[in-house]
Amino acid sequence: MERWPALELASTIRHDGDGGVADDLASVAGVTRWVEAQADLLSGQVRIRELSVNEDLRGEIVALRQAVRALFARAVSPAPPSPADARRLMPAEEALAYLNSVAARESVVPQLDWPSDGAPVVRLVSAEGDTAVRLLAALARAAVDLLSGPHRDRLRACSAPRCVRYFVKSHGRQEWCKPSCGNRARAARHYQRQRRATDAGTAAS
């Protein structure tokens with residue numbers, strides 16, 4: 001399954017399995033674990049092994065997540081956003097300004113590579129030495145790319161009971177972020193149908 005850094009960031013708010021919501025970025029240790037798990041997605045942009053997570057960086061990543069989730073909510077509208085933060089979303093214009101400001105923290109320039117036995121290739125090269133700045137900017141640029149590209153039209157908030165994730169539809173009939181959410185949603189619908197039938201029978205008698 002394809003993974004997107006911006007979706008991975010948004011998904012650090014998730015269902016905890018017990019009817020509540022878990023935050024994977026609630027502590028410095030949690031942020032460290034999450035960042036290390038994204039090493040493959042961020043390779044070539046951030047040297048993860050050089051990164052030292054502290055409380056300031058944790059706060060900035062959480063703020064970026066708030067902006068991303070607010071813009072995801074805007075992207076899926078008029079469908080409902082994720083229920084995890086639907087009542088306390090960052091205003092869309094504020095989220096947009098914050099996302100763009102974080103993306104602009106790292107200056108990158110195109111560099112042409114042209115091997116003698118191959119075709120020319122353009123790479124983006126950064127002169128930024130602060131690994132934390134590079135991480136934040138890479139995550140922000142990933143959100144810019146997702147929200148400005150063709151995948152935005154397939155972005156959805158999972159409608160399964162208790163799920164709070166956003167996902168990109170991989171096929172036309174997909175309603176939920178993963179099969180377990182589909183099973184839970186179908187079970188909930190079946191329960192509601194049975195309950196309505198039972199209530200109707202009771203009322204008739």
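On segment 86-146, 57 percent of the accessible area sits on carbon and sulfur atoms, based on a 1.4 Å probe.
Taken as entire DSSP H runs, the helices of the chain that both span 18 Å or more between Cα atoms along their own long axis and average 0.5 or more on the Kyte-Doolittle scale are 131-148.
Cβ-Cβ distance of GLU93 and ASP145, R₀ of 22 Å, FRET efficiency by 1/(1 + (r/R0)^6): the value works out to about 0.60. When only Cα pairs below 8 angstrom with a gap of at least 6 residues are kept, segment 1-122 shows a relative contact order of 18 percent.
Its DSSP H runs of at least 4 residues, each contributing -39,500 (n - 2.57), put the calculated 222 nm mean residue ellipticity of the chain at -15500 deg cm²/dmol, to the nearest 500.
In the complete set of protein chains, residue-level accessible area for THR32 is approximately 50 Å², probe 1.4 angstrom. Rounded, prolate or oblate: which one fits segment 1-55, using the alpha carbon gyration tensor with axes a ≥ b ≥ c (rounded when a/c is under 1.5, else prolate when a/b beats b/c, else oblate)? Here segment 1-55 falls in the oblate category.
Considering only SER116, VAL62, PRO179, and ranking their Cα positions along the charge dipole of the chain that arises from unit charges at the beta-carbon of Lys, Arg, Asp and Glu, the one farthest toward the positive end is PRO179.
Sum up the charges of everything whose Cβ sits under 12 Å from the Cβ of GLY44, counting Lys and Arg as +1 and Asp and Glu as -1, but leave GLY44 out. Present the calculation step by step, with values, prior to reporting the outcome.
On the way: positive: ARG47, ARG123, ARG134; negative: ASP40.
Net of charged neighbours comes to +2.
Ordering ALA22, VAL76, ALA160 by the projection of their Cα atoms onto the charge dipole of the chain, which places +1 on the Cβ of Lys and Arg and -1 on the Cβ of Asp and Glu, puts ALA160 at the extreme positive end. Rolling a 1.4 Å probe over the heavy atoms of the protein chains gives the chain an accessible area of 59 Å² per residue.
For ARG47, the accessible area of its heavy atoms, probed at 1.4 Å with every protein chain present, is near 120 square angstrom. Rounded to 0.05, the FRET efficiency of the ASP16 and ALA127 pair, given R0 = 35 Å and the Cβ-Cβ distance, is 0.25. For the pair segment 1-40 and segment 109-140, the centres of their Cα atoms are 26 angstrom apart. Using a/c under 1.5 as the rounded threshold, could you call the chain rounded, prolate or oblate? The axes a ≥ b ≥ c are square roots of the C-alpha gyration tensor eigenvalues, and prolate needs a/b larger than b/c, oblate otherwise. The shape class here is prolate.
The values are calculated or read from the model by the stated rules, or taken from the named source; none is laboratory data. Keep in mind that this is a model prediction, so the values were computed, not measured. Every residue, glycine as well, gets a Cβ built from its backbone with ideal geometry; the counts of neighbours run over all protein chains shown. To get the accessible areas, we keep the full protein, side chains included, count just its heavy atoms, and leave off ligands, DNA and RNA. Shrake-Rupley method; radii C 1.70, N 1.55, O 1.52, S 1.80 Å.
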